[in-house]
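> Just dropping this structure here.
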Amino acid sequence: MPEYRGQLRAQGRVAILVSQYNERVTSRLLEGALECCDAAGMPRDRVDVVWLPGAFELGGAAAVLAGTARYSAIVALGAVVRGETAHFEFVAGEAARGLNEVAVRHGLPVAFGVLTTDTMAQAMARAGGDAGNKGYEATEAALRTADALAQLKGT
């Protein structure tokens, strides 16, 4: 029985979408994502970083990029911190839904590196603090998935 397990290695070209909202957090997620690309041997000239106003815009931008057939994986980074209104649920939920829809529609690894936390301290802990760097982890998931799919396709 054949088994396929994606390795952490460069596959094609990668797009990293980054929300400017809560940039203090998302810039640290981006640092982690780029560190992962380096660990995978991904040349920086094969990594496109696209800054967007907020997490809500990630799904639409991912759809446009996926439609170009230029990328082997897309990583979406953002930070949605709960406030006193229901805005949190709408933004976080729609970001997740939109990104998943792109992955399914295009058969493309789309990593969800959007933090959804109750406090800014929790977000910072997950952006290179005590809880690691979820930007690195999301990028690793995208690259390993891209590699597994490439193995299945025989490329």
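> Shape of the range 76-126 from its Cα gyration tensor (a ≥ b ≥ c, root eigenvalues): rounded if a/c is under 1.5, otherwise prolate when a/b > b/c, or oblate?
Verdict is oblate for the range 76-126.
> Under a point spin-label approximation (7 Å from Cα along Cα-to-Cβ), what is the Val50-Leu152 distance to one decimal in nm?
2.4
> Sticking with this one: Pulled fully out, how much extra length does the chain show between Asp38 and Glu89, if you take 0.36 nm times their separation in residues and subtract their Cα-Cα distance? Please list the in-between numbers first.
Working: separation 51, 0.36 × 51 = 18.36 nm, distance 3.37 nm.
Taking Asp38 through Glu89 to full extension adds about 15.0 nm, to one decimal.
> Here is a follow-up. Within 10 Å, count the other beta carbons around each residue, average over each peptide in 117-124, 57-64, and list them highest first. Spell out each step's value before the answer.
Details: 117-124: 15.9, 57-64: 19.6.
Sorting 117-124, 57-64 by mean packing, highest first, produces 57-64, 117-124.
> Now a separate question. Translational diffusion coefficient, Stokes-Einstein: compute it for the chain using the Kirkwood radius over C-alpha pairs as Rh, at 37 °C and 0.692 mPa s, and state it as an integer in µm² s⁻¹.
Working: Rh = 15.4 Å.
So the translational diffusion coefficient is about 213 µm²/s.
> Counting other beta carbons within 10 Å of each Cβ, put Thr145, Thr85, Thr26 in order, fewest first.
Lowest to highest Cβ neighbour count: Thr85, Thr145, Thr26.
> A further question on this structure: Residues of the range 88-103 with backbone nitrogen within less than 16 Å of a virtual label 7 Å along the Cα-to-Cβ line of Asp118, please, listed as ranges.
The answer is 88-89.
> Would you mind computing, in nm to one decimal, how far apart the modelled labels at Ser27 and Arg13 are, each placed 7 Å from Cα along Cα→Cβ?
Going from the Ser27 label point to the Arg13 one covers 2.7 nm.
> Tally Lys and Arg at +1 and Asp and Glu at -1 over the other residues with C-beta under 12 Å from the C-beta of Thr139: what net charge comes out?
Spelling it out: positives minus negatives among the neighbours equals -3.
> Which residues' amide hydrogens lie under 5 Å from the amide hydrogen of Ala111, considering only partners 5 or more residues apart or on another chain, with H built in the peptide plane?
Here Ile74, Val75, Ala76 satisfy the definition.
> Same structure again: Please list 93-100, 106-113 highest first by mean number of surrounding beta-carbon atoms within 10 Å per residue.
The peptides rank, most packed first, as 106-113, 93-100.
> Right, another one. Rounded to the nearest 20 debye, what is the charge dipole size of the range 1-109 about its Cα centre when +1 sits on each Lys and Arg Cβ and -1 on each Asp and Glu Cβ?
Details: 11 positive and 12 negative charges, 63 e Å.
It comes to approximately 300 debye.
> With 10 angstrom as the radius, rank Ser19, Ser72, Ser27 by how many other C-beta atoms surround their C-beta, starting from the fewest.
Numbers: Ser19 28, Ser72 22, Ser27 16.
Listed from fewest to most nearby Cβ atoms, that is Ser27, Ser72, Ser19.
> Moving on. Mind listing the long-range amide H neighbours of Arg82? Cut-off is under 5 Å, sequence gap 5 or more, other chains count too, H placed in the peptide plane at 1.01 Å from N.
Here the answer is Thr117, Asp118, Thr119, since their amide H atoms fall under 5 Å of that of Arg82.
> What is the distance, in nm, between label points placed 7 Å from the Cα along the Cα-to-Cβ direction at Tyr4 and at Gln20?
So the two model labels end up 3.9 nm from each other.
A short reminder: the numbers here are calculations on the coordinates, not readings from a lab. Bear in mind that the values here come from a model prediction, so they are computed numbers and not experimental data. Because the Cβ atoms are built from the backbone with ideal geometry, glycine has one as well, and the counts that use them run over all protein chains shown.
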